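Inspection log for the structure reproduced underneath, given as structure tokens.
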Amino acid sequence: MPEEREPRMCGIIGLHLKNPSLRPRLGELLTQMLEAMTTRGPDSAGIAVYADHHPAPAGNELGNEQSQEQELRYSLRSDELIDWDLLAKRIAAETGHDVRVEPLAADSAVVGSAAGEASFLAAVHRIAPHVSVPGYGRAMVVVKDVGAPAAICARYGIPGWGGYQGIGHTRMATESAVTTAHSHPFAPAADLALVHNGSFSNYATIRRQLARKGTHCDTDNDSEVAARLIASRMAEGADLEDGLRTVLKEMDGFFTLLVTTRTQFAVVRDSFACKPAVIAETADYVAMASEYHALAGLPGVTDARVFEPMPEEIHLWSR
Amino acid sequence: MEPVILSCADLSARQINAALAALPDGACARVLEPRGRHNLAVGLSNRVRIDIEGNAGYYIGGLGQGPDVVVSGFVGWSVGENLLAGSVRVKGNASECAGASSHGGTIVIEGDASSRAGISLKGGTILVGGNVGHMSGFMAQAGVMLIGGDAGDALGDSLYEAVIYVAGKIASLGSDARVEELTDADVRAVKALAELGGFDHVQPENVTRVASARGLYNFDALKDQKY
């Protein structure tokens, strides 16, 4: 399609499905939304997808429901060539829990284990320090990479993924380097993911405060600090809404944030609301994007209620 | 005359605007499948009627000096920015900065407008059927706004000579904005504006008039004795 657009700083998208019949199409819809936001962020992209059913392969000891509930699925990514099965065996030996591998791409896999997150993450770090964990949870898979959003989605086969909600980000870096680790989503706790359009100004202060309480960031990225702040509040017992209120209270800067948990989908903007956001809601879904044209291909969107989220208000949907 | 049909599925914004600019006065055009496209119907000076059939993007109808643009959906930021004459009507909600810096003409938002509606208004007329967000009417210099619903925080901050009428509640007034007594002339003006917008829900005698207290017009060297 012929078009001329000037680039703008970062694009975010998200889709929370209410109608289960749309679930098989989640990846396809997220991909077209993310592609539409390429003009806002061509340097890197990432996506977090939430799905309910992950049946263990036949013969796997994790076949029963209780084990599946204990199992966490870790999105892993390696900067070097890696034998995922060998890594799985070594993690299993170290943690004493079975590990199953679902390859995503040559450099990425989703790895299931009931070992518990602290034990599993420590084992990965010890055995394969070049392997990063973009996210983990019972429902959530996270992929992120540098390059054009369309190419990234194609590489991981995201158009074929099903699920009930997902968020994505196209990045135009301003505060830190263009690397996979610096790209969004930031997912510092189980099933928690955050994408951000904007820039925080006091993030170094907040990062020091978090560090004093034992919460450390993996990167020097400003958005990661917000994700860690929310995760640390939630670890103390706060719900997502409380966590977002903490961001509004403690963090200074410009932001439209889209944050998801296993059951919730939330949008919040700073008090000036000068980073764009538009929401389209129908009986079938809630969709959010930096600009409307990312929503334009969604089914039934022409009949949706389309509105702009208010500043300092937490717009939240639960399943 | 049959309307000219232009589809965003086939044409760029530049191509659509060139085709619209070439229309003779009195012509009609339908712009189909806008799908959030920015910069549609921008910079036109012919007296034409343009229907944008769907949700559109940023700067719709901006810099216009003649056309009547109707959007049957939502619009993004800065609809009708710097409008000089003519009109833009949005049947859905509008994003931020609706009618920013408009010098003339009429912008009608049938739904809600977001923050900074009518920022730096320079003489245009902005009619919003629903609510407006924070900092609406910021530094508005001339012209008039009618808000059929509620206004967000800091309404009319640093107002000059524009007047803002609000039918609903005002979350807070901005610096140097004040509520003034509603005169008969105001009621007549609001009645005409409500009719122009098609706002049946606005009762002209019950609106609040907001205008500048003019306290910021001159620098006060003795203010707070800090200088």
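Just so you know, all these numbers are worked out from the coordinates, no wet-lab data involved. Just so you know, these numbers come straight off a predicted model, no measurement behind them. Because the Cβ atoms are built from the backbone with ideal geometry, glycine has one as well, and the counts that use them run over all protein chains shown.
General remarks:
- Going from the fewest other Cβ atoms within 10 Å to the most, the residues B:Leu127, B:Leu155, B:Leu63 appear in the order B:Leu63, B:Leu127, B:Leu155.
- Ordering A:Lys89, A:Lys249 by the number of other Cβ atoms within 10 Å of each residue's own Cβ, fewest first, gives A:Lys249, A:Lys89.
- Length added when fully stretched, A:Ala238-A:Glu102, from 0.36 nm per residue minus Cα-Cα: 45.7 nm
- Listed residues A:Pro134, A:Pro20, A:Pro42, most fluctuating in chain A (Gaussian network, C-alpha, under 10 Å): A:Pro20
- Across B:Gly80, B:Gly104, B:Gly118, mean-square fluctuation computed from a Gaussian network of chain B (C-alpha pairs under 10 Å connected) peaks at B:Gly104.
- Distance in nm between pseudo-label sites at A:Asn202 and A:Asn19 (7 Å out along the Cβ direction from Cα): 4.4
- Fluctuation leader among B:Thr125, B:Thr208, B:Thr183 - chain B, Gaussian network, Cα springs under 10 angstrom: B:Thr183
- Fewest-first sequence of A:Lys213, A:Lys144 by Cβ atoms within 10 Å of each Cβ: A:Lys213, A:Lys144
- For chain B, relative contact order (Cα pairs under 8 Å, six or more residues apart, normalised by length) works out to 10 percent.
- For segment A:154-171, putting each phi into the Karplus relation 6.51 cos²θ - 1.76 cosθ + 1.60 with θ = phi - 60° gives couplings of 5, 4, 8, x, 4, x, x, 7, x, x, 10, 7, x, 9, x, 8, 10, 10 Hz, in residue order, rounded to whole numbers and with x for Gly and Pro.
- Across all C-alpha atoms in segment B:87-227, the radius of gyration and Dmax reach 14.5, 51 Å.
- Pair A:Glu250, B:Asp10: separation of 7 Å Cα→Cβ label points (nm): 5.6
- Efficiency of FRET from Cβ geometry, A:Leu81 and A:Glu312, R₀ 45 Å, rounded to 0.05: 0.40
- Other protein chain Cβ atoms within 10 Å, averaged over every residue that makes up A:292-303: 5
- The residues neighbouring A:Pro311, those whose beta-carbon lies less than 9 Å from its own, together hold a net charge of -3 under the Lys/Arg +1, Asp/Glu -1 convention.
- Unsatisfied cross-links (Cα-Cα over 28 Å) in the set B:Lys91/B:Lys191; A:Lys213/A:Lys249; A:Lys249/B:Lys223; A:Lys275/B:Lys122: A:Lys249/B:Lys223
- Rounded to the nearest Hz, the phi-derived 3J(HN,Hα) couplings of segment A:259-264 under the Karplus curve 6.51 cos²θ - 1.76 cosθ + 1.60 (θ = phi - 60°) are 10, 10, 10, 4, 10, 10, where x marks glycine and proline.
- Segment B:93-215, relative contact order [Cα under 8 Å, separation at least 6], %: 19
- Karplus-based coupling profile of segment A:226-242, in residue order and whole Hz: 4, 4, 5, 4, 4, 4, 5, 5, 5, 5, 7, x, 5, 8, 4, 4, 4, with θ = phi - 60° in 6.51 cos²θ - 1.76 cosθ + 1.60 and x standing for Gly or Pro.
- Using C-alpha pairs under 8 Å with a sequence gap of at least 6, the mean separation divided by the residue count of segment A:90-136 gives a relative contact order of 33 percent.
- Cα-projected label distance for B:Asp224 with B:Glu33, points at 7 Å along beta-carbon direction, nm: 5.7
- Computed about the Cα centre, the dipole magnitude for the protein assembly as shown is approximately 400 debye when only Lys and Arg (+1) and Asp and Glu (-1) carry charge, each at its Cβ.
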